[in-house]
Structures are given as C-alpha cells and as structure tokens.
Amino acid sequence: MRGYNDMVLRNYSYFFNFEEEFIHQDTRVWMTKNWTISFYFCALYMILIFGGQYYMQSRPRFNLKGVLCIWNSLLAAFSIMGACRTAPELFHVLKNYGLYHSICIPSYIELDRVAGVWTWFFVLSKLPELGDTIFIVLRKQPLIFLHWYHHITVLLYSWFSYTEYTASARWFIVMNYCVHSIMYTYYALKCMGYNPSRKFAMLITTCQLCQMIIGCAINVWAAQYLQEHQPCHVSTTNIKLSIAMYFSYFVLFARFFYKSYVNRGTSKHSQSDNSIPGGYTSNKSDKIKSN
C-alpha cells in the first residue's frame, strides 16, 4: 500500500505504551461475540432514567455540581485527546489517498495502532456517556427526546459498526471526538461558574448539524461506490442504518436549533442553554449557588 504503515506513523510524534501494545484482533473478536449486550445496556438505561424521573417527582433535586464539573472535565479531556489521536490518520488518508480511500478502505488498524486503540476507546466511551442523562434526572432538569434517543442509537450503531470494521467510521469518529471536545468543554466551563457567550452554545449545535450533513454525505458516497461495483468496506446494511440515524439526528437537531435560537419565545427551557443535545451542563440558577 505504497508504504502506508511508514507514512501513517509519521503523523504521530509520540506513542503511548498502551497504543503500541494494542491488538485489534482481540477487541474485534470480543465485540463480535458481545456487541448485542449493548441492547441490554440500553434497556437498563431506559429503566433507570424514566424510573428515576418517577422516583424524583416528589423528592428535592440533587445539586451534584462538583461531581458534574469533574465529569464534564474528564469527558472534555478524553474527547480532545481522542480528536488529537484520530484526526491525523484521516487527514493523512485524504491528503495521500483521496476521498474514496477515506470512505471505503479501512484504516488498517493492525498497522496504525494509534487510530486503532482510539477507535476502540471511542466505541467503549458510548457506554459511560449514558451517565450524562443520570445527572439530568437527579437534578430534575428537562429530559428531551433527542437527548436519550441520541445516546441509545449512537451506542448501538458504534458497537455494531466495530464488528464490521466499517471504513467510513473514521469520518464519524473524528467528527464526534471534535464536536464533543467543544461541547464538554462548554459544559465544564458552565459548571465552574463561567458564563460562555450564547453564541458558544449556538456554535455547538451548528457543529452538530454540520456533523449530520457530512455523515449523510459520506453514506451517500459509499452507496454510490458500491453501486459502481468499486471495492468498499462498508456494508449496505450499515449504510442504511447510518443514513437513517444521521438524517433523523439532523431533523431533531434542526428542530432544537430553531426552538432554542430562532424562535426564542417558545419557552424558558429554550432560553436557558441548559440542555444542548448530547450531554449535560448546569442551569442558570447554579451560577449563584455554592457547591
């Protein structure tokens, strides 16, 4: 592959021990055998959040501001690190091999262990990210459909795609890491008592909308490559699931954007910036409360 291994490795100035020791075959075998347990996690998640809402109806809300600061800061740091470790591989492939290669040819995880291990971490991270919703429930904040629908479908799709080594996933992973880097940083700042501009929140939702548009485009291109009988390591099943998921996200995020930033008089919730889809931040009243 034209010295692919050597060229990819030049994108990284440092390697961590756990990256060099990563064995992708073991993780794929485990995921292939166990990816369906994600359905059980999702079922438990649904029981906890809606059962939790019922339980909290007659009880005072928890503050949890200190825990929330730590939670968002850790997720922000993880996302930033993930973006820094996966984006070079995508940029390298685009620069040296082109769009087709970036969509249809896997990242050769056995050769590029950096991208491999952070792809694995990305898939696993969709499970602890469900904890975002627990904070919403315990703090008795509005829980919108987009929030829990997004968490569930991303978890199921990510775990399933890993079993196929979906080539186009490199796009989805890099985009998600980058958007989450901004999003969780915003949450962390809000929890710490800072007051980022409302434009910052609007930027996050705009980035999420762009992510959905690009996600749909990548799937359309993959489908075209398959129709032209070009080798493309993306299954038709995966394309159908992915484009349905991204399109539904686009519709829901666009609706959220309109209600929150365009039609400002809809509700107090739309004015509070306290529930950007995909994560959790504090509400305005927390700014005047001590931890």
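The values are calculated or read from the model by the stated rules, or taken from the named source; none is laboratory data. On a predicted model such as this, the values are computed, not experimentally measured, just so you know. Cβ atoms come from the backbone with ideal geometry, glycine included; neighbour counts cover every protein chain shown. For accessibility, only protein heavy atoms count, side chains too; no ligands or nucleic acids. Shrake-Rupley method; radii C 1.70, N 1.55, O 1.52, S 1.80 Å.
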* What distance in nm separates the simple spin-label points at H233 and S58, each placed 7 Å from Cα in the Cβ direction? -> 5.7 nm
* 1.4 Å probe accessible area per residue over the range 17-261, in Å² -> 45 Å²
* To do: Provide the packing ranking of 193-206, 231-244, 167-180, 77-90, i.e. peptides ordered by the mean count of other C-beta atoms within 10 Å per residue, highest first.
  => 167-180, 77-90, 231-244, 193-206
* **Evaluated at q = 0.10, 0.14, 0.15 Å⁻¹: base-10 log I(q)/I(0), Debye formula over Cα of the range 17-261** => -0.51, -1.01, -1.15
* Asked: Quick one: with all protein chains in place, what share of the accessible area of the range 17-261 is carbon or sulfur, to the nearest percent (1.4 Å probe)?
  -> 70 percent
* For the range 25-157: rounded, prolate or oblate by the Cα gyration tensor [a/c cutoff 1.5] -> prolate
